[in-house]
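Working notes, beginning with the structure itself.
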Amino acid sequence: MLGYDLLYTLYPLFVRMIDIPRSVDVPIQVGVGVYYGLPAAGIVVTPVTIAFAWSTDYSTAPKVVAVEITMVLAALAGATVLTRRLALHLRPVRA
């Protein structure tokens, strides 16, 4: 019950910290691209990460784990950047 009360109390704060202000105009292509692009990036990077882990004999050394984390984050960031670039390219010019 304490966890529920804590979440109920902190939820509005979390939303305010993360939510985009209404004055910001986000192209719909960004939303759609991120929604569909991030899972696609995850699908692509998963076998690559597994192959890397296999090549290191599934090592849990900090450097190996850091490389794996970097690979996944790079794929997700790359999908977001490509989506943003495509959305801005397709966005109509405002006067």
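The values are calculated or read from the model by the stated rules, or taken from the named source; none is laboratory data. None of the values given here were measured: they were computed from a predicted structure. Glycine gets a Cβ as well: all are built from the backbone with ideal geometry, and neighbour counts include every protein chain shown.
Of the numbered criteria (1) modelled with pLDDT under 80; (2) within 13 Å of the chain's Cα centre (by Cα), the one L82 fails is (1). Among residues of segment 47-64 that are among the polar types (S, T, N, Q), none has a beta-carbon under 6 Å from a residue that is in a loop (DSSP other than H, G, I, E, B) and at pLDDT 95 or above at least six positions away or on a different chain. Pick out the one residue from V45, V34 that is of a type in the set (A, V, I, L, M, F, W, C), assigned to a helix (DSSP H, G or I) and modelled with pLDDT of 85 or more. From the options V45, V34, the qualifying one is V45.
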